[in-house]
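First comes the structure, then the notes that go with it.
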Amino acid sequence: MCSFLPKLTDIQIRDKLKPGDLGTVIGMHGKLYSEEFKFGLGFECYVAKSMAAFFKSFDKGKDRVWVAEWGNRIVGFLALVHRTPNVAQLRYFVVDSDCRGIGLGKHLLDCWLAVARDMNYQQVYLWTTDHLSLAASMYKKAGFQLQEQRFSTNFGVPLTEQKYTLDLSLH
């Protein structure tokens, strides 16, 4: 926790992973989702397992990462994960609570969408939960539409998982 909020211009974004990044991002998800939404350890395990699979199959021609740093501290992360030749998934989107409200999340999402378009993905999607209404609002403003919902207790609390999609060939 810090005594002042950074400005968006104080944050550097890199597109290469370094040792320690994966663990930090997994830890950020575990801590944040536990504190804010009461998700259990099962969620952190899910993120760890899927993050390891993402890294093992990472293809620099099809996948991307955005690591947002404030000083030497990771304060945001987002990944573009290829699924099929024309479809990509938005994953691991997290912004540290100290850096919310400064436009970092929107900036990362805008960068993500620009790269997805440049890489000629036709459709993109993401999974989120009904707990994340502010994130859902940001996705909707970017053109994503709610495609699917399903009830789940996978992360230790009852919630509704939501799939949002965006057809880039139309935008």
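Only residues in the stretch 101-118 that are over 14 Å from R14 (Cβ atoms) count as the first member; pair them with residues that are basic (K, R) and assigned to a loop (DSSP other than H, G, I, E, B), Cβ under 8 angstrom, at least 6 apart or cross-chain, and list the lot. These pairs meet every condition: I102/K7.
Here F43 qualifies as aromatic (F, W, Y), part of a helix (DSSP H, G or I), touching a Phe, Trp or Tyr at 6+ places or on another chain (Cβ under 7 Å) and over 23 Å from H82 (Cβ atoms).
Within the stretch 17-34, the set of residues being assigned to a loop (DSSP other than H, G, I, E, B) and not hydrophobic (A, V, I, L, M, F, W, C) comprises K18, P19, G20. Taking interchain pairs and intrachain pairs at least six residues apart, which have beta carbon atoms under 8 angstrom, with the first residue in the stretch 135-150 and on the phi > 0 side of the Ramachandran plot and the second not hydroxyl-bearing (S, T, Y)? Pairs found: G143/L166; G143/H171. For the stretch 47-68, filtered to residues that are basic (K, R) and in contact (Cβ under 8 Å) with a residue 24 or more places away in the chain, the residue that is surrounded by the most Cβ atoms within 10 Å (Cβ to Cβ) is R64. For the stretch 26-35, residues that are closer than 17 Å to L132 by Cβ and touching a residue at least 12 places away in the same chain (Cβ under 8 Å) total 5.
So, P6, is that one surrounded by fewer than 12 Cβ atoms within 10 Å (Cβ to Cβ), more than 15 Å from the chain's Cα centre (by Cα) and not basic (K, R) or not? The answer is no for P6. Against the test of being touching a strand residue (DSSP E or B) at 6+ places or on another chain (Cβ under 9 Å) and closer than 26 Å to G23 by Cα, the options V95, V87 yield a single qualifying residue, V95.
Read the figures in this text as sums done on the coordinates, not as results from a lab. Note that the structure is predicted; figures quoted are calculated from it, not measured. Note that we place each Cβ from the backbone using ideal geometry, even for glycine, and neighbour counts take in every protein chain shown.
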